[in-house]
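Laboratory data are not the source of any read-out in this text; all were calculated from the coordinates shown. Computed from a prediction, not measured in an experiment: that's the story for all the values here. No Cβ is skipped: glycine too gets one built from the backbone with ideal geometry, and neighbour counts run over all protein chains shown.
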Amino acid sequence: MNQNFNLYSQYYDLLYQDKDYGAEADYLHQLINRYRPKSTSILELGSGTGKHANLLAEKNYNILGLERSAEMVEIANRTKTKNVDFKIADITEFQTNQSFDVAVSLFHVISYLTDNQSLINTFKNVHRHLNENGLFIFDVWHSSAVNFQVPEKRTKTLQNEVIQVTRHANPIIDTEQNIVEVNYTIKVKDLEDGTTFHIEESHPMRHFSKPEIELLAYATGFEVIHKEEFLTKAIPSAETWGVCYILKKLS
Ligand SMILES: C[S@@+](CC[C@H](N)C(=O)[O-])C[C@H]1O[C@@H](n2cnc3c(N)ncnc32)[C@H](O)[C@@H]1O
């Protein structure tokens, strides 16, 4: 299995320092209040460096974050707050004896599941770990945006007091499998002595259409109760890269 994020994890928070995790946690809190008020427990799939989990815990949820990359979990554990726990686990096959009111999977984690069996295993697993009428909230790459806008090569540079990180992303599109393989080259420069090195990682990402998610939900015991553009709440269109789906567990 592809173990992306092992090396990349060290630079993850720097590369996404402009991402507004606070606004995203507020947005999730609103969705939970609207669709399953009085929820108190959250299972987070692909919890990364733990930012959403810590912010949601401040809103009085108990959270368990599951994350495949041991390096990401190590970073998450450094900032862990009250009512939050992180475990190294693969979301396609995790098991815990806890059950939760809500499961969340944020910043395209589900798009990292590129084959049907992994998706079915994950959704069934989430279903098993949810309480009655539990919600499964996640955002994924949206097929119509990927097909109409087509991902391009991109470069992003960010720095802190110690290092400068430049990330080149070179996407290779597999139109038959609905997968975009994003090949990252990450150049790291030590700002004190000027030395550089680089790492490479491949991140295959699957994009999904609305009927595909509806079918997946139906096959695994869920109903799609709402979908919208992640954060803006706009109706999904060919302009929408990230669609947020809200699924309800059927008993
Ligand atoms: C783009 S990051 C998002 C991290 C975090 N949710 C955030 O918003 O910052 C995707 C994360 O999903 C994790 N991931 C991908 N596939 C996984 C799997 N099968 N099991 C557990 N974690 C997985 C990666 O290791 C990575 O941390």
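Tell me, 140, 180 in order of fewest to most beta-carbon neighbours within 10 Å? It would help to have the intermediate numbers written out before the result.
Details: 140 26, 180 21.
Starting with the residue having the fewest Cβ neighbours, the order is 180, 140.
Using the Cα gyration tensor of the range 1-151, with a ≥ b ≥ c the square roots of its eigenvalues, what is the shape: rounded (a/c below 1.5), prolate (a/b larger than b/c) or oblate (neither)? Spell out each step's value before the answer.
On the way: a/c = 1.25, a/b = 1.12, b/c = 1.11.
Taking the square roots of the gyration eigenvalues as a ≥ b ≥ c, the range 1-151 is rounded.
Would you pull out the residues with amide H under 5 Å of residue 222's amide H, same chain only if 5 or more places away, H placed 1.01 Å from N?
Distant-sequence amide H within range of residue 222: 250.
Would you work out which of 14, 42, 57 lies farthest towards the positive end of the dipole of the range 13-68, given +1 charges on the beta-carbon of Lys and Arg and -1 on that of Asp and Glu, about the Cα centre?
The residue sitting most towards the positive pole is 42.
Using the 10 angstrom Cβ neighbour count as an exposure proxy, how do 109, 165, 126 rank, fewest first?
Lowest count first: 165, 109, 126.
Out of residues 5 or more away from residue 208 or on other chains, whose amide H comes under 5 Å of its own, with H placed 1.01 Å from N in the peptide plane?
141, 142, 143
Which trypsin sites (Lys or Arg not before Pro) does the range 157-245 hold that lie in a coil by DSSP with at most 14 other beta carbons within 10 Å?
233
Mean separation of Cα pairs under 8 Å and 6+ residues apart, divided by the residue count of the range 18-69: what relative contact order is that in percent?
Details: 52 pairs, mean separation 20.4, N = 52.
Taking the mean separation of contacting Cα pairs over the length of the range 18-69, I get 39 percent.
Arrange 216, 250, 130 by Cβ neighbour counts within 10 Å, fewest through most, would you?
250, 216, 130
Pull up all non-local amide H partners of residue 134: gap of 5 or more, or a different chain, and H-to-H distance under 5 Å with H placed in the peptide plane.
249
Given 51/80; 124/233; 227/248; 59/80; 51/210; 80/227, which pairs have Cα atoms separated by over 20 Å? Walk me through the intermediate numbers first.
Numbers: 51/80 9 Å; 124/233 27 Å; 227/248 12 Å; 59/80 15 Å; 51/210 28 Å; 80/227 31 Å.
As for pairs spanning more than 20 Å Cα to Cα, those are 124/233; 51/210; 80/227.
Show me, for the range 87-101, the HN-Hα J-couplings you get by feeding each phi into the Karplus relation (A = 6.51, B = -1.76, C = 1.60, θ = phi - 60°), rounded to Hz, glycine and proline as x.
For the range 87-101, the Karplus curve yields 10, 6, 7, 8, 5, 7, 8, 5, 8, 9, 8, 8, 10, 9, 7 Hz.
Please list, in order along the range 160-176, the HN-Hα scalar couplings obtained from phi with the Karplus expression 6.51 cos²θ - 1.76 cosθ + 1.60 (θ = phi - 60°), rounded to whole Hz, x for Gly and Pro.
These are the phi-based 3J(HN,Hα) values: 10, 5, 9, 9, 10, 10, 10, 10, 9, 10, 10, x, 10, 9, 9, 5, 6 Hz.
Label point 7 Å out from residue 187 along Cα-to-Cβ: which residues of the range 9-25 have amide N under 11 Å?
none
Evaluate the relative contact order of the chain (contact order divided by residue number), counting alpha-carbon pairs under 8 angstrom at least 6 apart; express in whole percent.
The normalised contact order for the chain reaches 18 percent.
Between residue 238 and residue 124, take the C-beta separation as r, use R0 = 25 Å, and let me know the FRET efficiency to the nearest 0.05.
Rounded to the nearest 0.05, the efficiency is 0.20.
Farthest toward the dipole's positive end in the range 105-251, which of 242, 164, 205, given Cβ charges of +1 (Lys, Arg) and -1 (Asp, Glu) about the Cα centre?
My answer, from the dipole projection, is 242.
Mind running the shape call on the range 117-164? Use the C-alpha gyration tensor, a ≥ b ≥ c as the square roots of the eigenvalues: rounded below 1.5 for a/c, prolate if a/b tops b/c, oblate otherwise.
It is oblate, given that a/c is not under 1.5 and a/b is not larger than b/c.
Can you give the extra length, in nm with one decimal, that the chain gains between residue 152 and residue 251 once fully stretched, where that is 0.36 nm per residue apart less the Cα-Cα distance?
Here the segment from residue 152 to residue 251 would lengthen by 31.4 nm.
Using the Karplus curve 6.51 cos²θ - 1.76 cosθ + 1.60 with θ = phi - 60°, what ³J(HN,Hα) values do you get for each residue of the range 245-251, in whole Hz, with x for Gly and Pro?
Couplings: 10, 10, 10, 10, 5, 8, 7 Hz.
Quick check: convex hull over the Cα atoms of the range 145-206, volume per residue in Å³, rounded to an integer?
Taking only Cα atoms, the range 145-206 has a hull volume of 76 Å³ per residue.
Treating only the Cβ of Lys, Arg, Asp and Glu as charged (+1, +1, -1, -1), what charge dipole size does the chain show about its Cα centre? Round to the nearest 20 debye.
Value, rounded to 20: 680 debye.
Return a whole-number percent for the relative contact order of the range 1-144, with Cα pairs under 8 Å and 6 or more residues apart as the contact set.
23 percent
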